[in-house]
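Here is the structure we will look at, set down as structure tokens.
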Amino acid sequence: MKGKFNYYWLLILIPAIFIGWYLLRAKEDKPLRYLAYYGPKHALKLNDTTYHFIPDFEFTDQFNEKVTQETVKNKIYVTEYFFTTCQSICPIMNKNLERVYKEFKGDPAFLILSHTVDPEEDSVSVMIEYAKKHGVTNKQWLFLTGSKPALYGLARKGYLLDTEEGKGEGDDFIHTQNFALIDKDKHIRGFYDGTDSLEITRLIQEIKLLKKEYEHKENTAN
């Protein structure tokens, strides 16, 4: 009887230990909180909508290579708008982005996209020198140039970084200190003041939260 008693207890204890371990792991993998989604929802079909997403784009980086949605596929990225001759907020913004770049340097699932608002001045050769000034040594921080209407249209209709009306023609000009955090599914998950060091700390923390969110999704899917 004693042998049977121990045997039955083992049958109960072993699954209980396994279940407890699994639940503890699931709790550890789960992010502390989930980031919000920003922007208006879009209709897909009858009675179905999706969160605002970044439309397709095509620009040229400091290496004279095309950057499109394929470049950011399955990547989390931070985006900003600046110009290389700016003497006010842009130097502060990009000095702060150096913190973000260094924090995630070597992470193949993370990028920074910096778009110029002055493509006539900010050519590929200008951008590569500007990138070097900020210690960029790989392709995780891309400085983008292209047509002014395309750059401005994406800032306003895609990243929602500027609320002014305009088509990127003539004297139209964007000058914003805000960054946007974009997830792997092309949704906006946060806005941050690029001139505020505390906001940069929050950005770094929320990139880590977003990475944790994807890790949790992958673990629960397996």
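The values are calculated or read from the model by the stated rules, or taken from the named source; none is laboratory data. Computed from a predicted structure; not experimentally measured. No Cβ is skipped: glycine too gets one built from the backbone with ideal geometry, and neighbour counts run over all protein chains shown.
Mind listing just one residue for me: the one in segment 121-137 that is in a loop (DSSP other than H, G, I, E, B) and modelled with pLDDT of 95 or more and, of those, surrounded by the most Cβ atoms within 10 Å (Cβ to Cβ)?
By that ranking, first place goes to 122.
Count, please, the residues in segment 52-68 that happen to be among the aromatic types (Phe, Trp, Tyr) and in a strand (DSSP E or B).
Taking segment 52-68 and keeping what is among the aromatic types (Phe, Trp, Tyr), we get 53, 57, 59, 63.
Filter again for in a strand (DSSP E or B), leaving 53, 59.
Residues in segment 52-68 being among the aromatic types (Phe, Trp, Tyr) and in a strand (DSSP E or B): 2 in total.
Restricting to segment 123-149, count the residues that are under 9 Å from residue 60 (Cα atoms), among the hydrophobic types (A, V, I, L, M, F, W, C) and more than 18 Å from the chain's Cα centre (by Cα).
Number satisfying all stated conditions: 1.
Would you mention how many residues in segment 60-90 are closer than 18 Å to residue 131 by Cβ, touching an Asp or Glu at 6+ places or on another chain (Cβ under 7 Å) and free of Cβ contacts under 8 Å to residues at least 24 places away in the same chain?
Adding up the residues that qualify gives 1.
State whether the residues of segment 177-199 include one that is modelled with pLDDT of 95 or more, surrounded by fewer than 16 Cβ atoms within 10 Å (Cβ to Cβ) and assigned to a helix (DSSP H, G or I).
Yes.
Taking the criterion of being part of a helix (DSSP H, G or I), crowded, with 21+ Cβ neighbours inside 10 Å and in contact with a helix residue (DSSP H, G or I) (Cβ under 8 Å, 6 or more places away or on another chain), would at least one residue in segment 69-82 satisfy it?
No, segment 69-82 contains no residue that is part of a helix (DSSP H, G or I), crowded, with 21+ Cβ neighbours inside 10 Å and in contact with a helix residue (DSSP H, G or I) (Cβ under 8 Å, 6 or more places away or on another chain).
Assigned by TED's automatic domain parsing to the domain that holds residue 214, outside any loop (DSSP other than H, G, I, E, B), at pLDDT 95 or above and surrounded by fewer than 22 Cβ atoms within 10 Å (Cβ to Cβ), is that true of residue 105? Write out each step before concluding.
On the way: assigned by TED's automatic domain parsing to the domain that holds residue 214: yes; outside any loop (DSSP other than H, G, I, E, B): no; at pLDDT 95 or above: yes; surrounded by fewer than 22 Cβ atoms within 10 Å (Cβ to Cβ): yes.
No; evaluated as a whole, the condition is false for this residue.
Taking segment 122-148, which residues are of a type in the set (Gly, Ala, Ser) and either free of Cβ contacts under 8 Å to residues at least 12 places away in the same chain or under 19 Å from residue 111 (Cα atoms) (or both)? Talk me through it step by step, then tell me what you get.
Here is the first cut: in segment 122-148, the ones of a type in the set (Gly, Ala, Ser) are 123, 125, 131, 135, 146-147.
Matches in segment 122-148: 125, 131, 135, 146.
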